[in-house]
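Participant: Supplied in structure tokens, the structure appears directly below.
The values are calculated or read from the model by the stated rules, or taken from the named source; none is laboratory data. In this text the structure is predicted, and so the values were computed from the model without any measurement. Cβ: placed from backbone, ideal geometry, glycine included. Neighbour counts: every protein chain shown.
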Amino acid sequence: MKKLLLAVLPFLLFSAPSFAYTKYTVLNSTSGTVDSLVFKQMSELFCGNHYIDNLTPWSLTPDSDGRGACLLKSIQGTLHIDGEDIPLEYYSSGTSYGQFVIVSKRVDDKVTAKIVSADILGNYNNSDDTPQYDGNPQYDGNPQYDDNPQYDDNPQYDDTPKYDDTPSVLG
């Protein structure tokens with residue numbers, strides 16, 4: 001049995017296709033900084049924590065290590081912005097997502113922030129129809145967004161009953 005196992009094991013190890021999720025990548029779209037993000041994965045036995053340190057304002061930062069076939073269960077960190085420390089938290093029951101964006105907004109002098117999943121690398125299977133965005137919004141003249149909408153002044157209504165109100169006789 002040992003000889004059979006030793007003969008088959010190299011074949012299984014080297015002939016099986018390799019599988020791995022994308023590395024964690026974070027876009028900090030804020031003017032703040034993050035000292036460290038901790039990526040906690042589902043299986044602590046086989047999948048250790050990952051860290052992305054020193055996220056600077058307006059930066060795209062990839063994880064230096066691959067994550068293998070490990071699903072993500074949470075991300076935790078703190079955004080330092082305008083003298084405030086805002087906790088960043090992302091939770092999942094187990095996701096393969098690997099690309100995230102830190103976003104913030106100010107409402108009535110209070111800053112809020114969160115980390116969300118997003119396709120920030122724009123990997124659309126490397127097809128020729130990959131959307132390109134140069135930072136300048138374009139209006140394509142789509143009538144769906146017309147500034148002068150047209151309304152029907154004489155709408156027609158169907159007032160036919162949608163139920164059967166005929167009395168039934170059991171007999």
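Participant: Can you find, within the stretch 65-80, the residue that is farthest from the chain's Cα centre (by Cα) among those that are crowded, with 19+ Cβ neighbours inside 10 Å and in a strand (DSSP E or B)?
Facilitator: Ranking the qualifying residues of the stretch 65-80, first place goes to LEU79.
Participant: Okay, moving on. Among what's in the stretch 38-64 and is buried (at least 16 other Cβ atoms within 10 Å of the Cβ) and closer than 20 Å to ILE81 by Cβ, pick the residue that is modelled with the lowest pLDDT.
Facilitator: So the residue we want is THR61.
Participant: Report every pair of residues separated by at least 6 positions or lying on different chains whose Cβ atoms are under 6 Å apart, first residue within the stretch 94-111 and under 21 Å from HIS80 (Cα atoms), second in a strand (DSSP E or B) and among the hydrophobic types (A, V, I, L, M, F, W, C).
Facilitator: So the pair list comes out as PHE100/VAL26; PHE100/ILE115; VAL101/LEU27; VAL101/VAL116; ILE102/ILE115; SER104/VAL111; SER104/ALA113; VAL111/ILE81.
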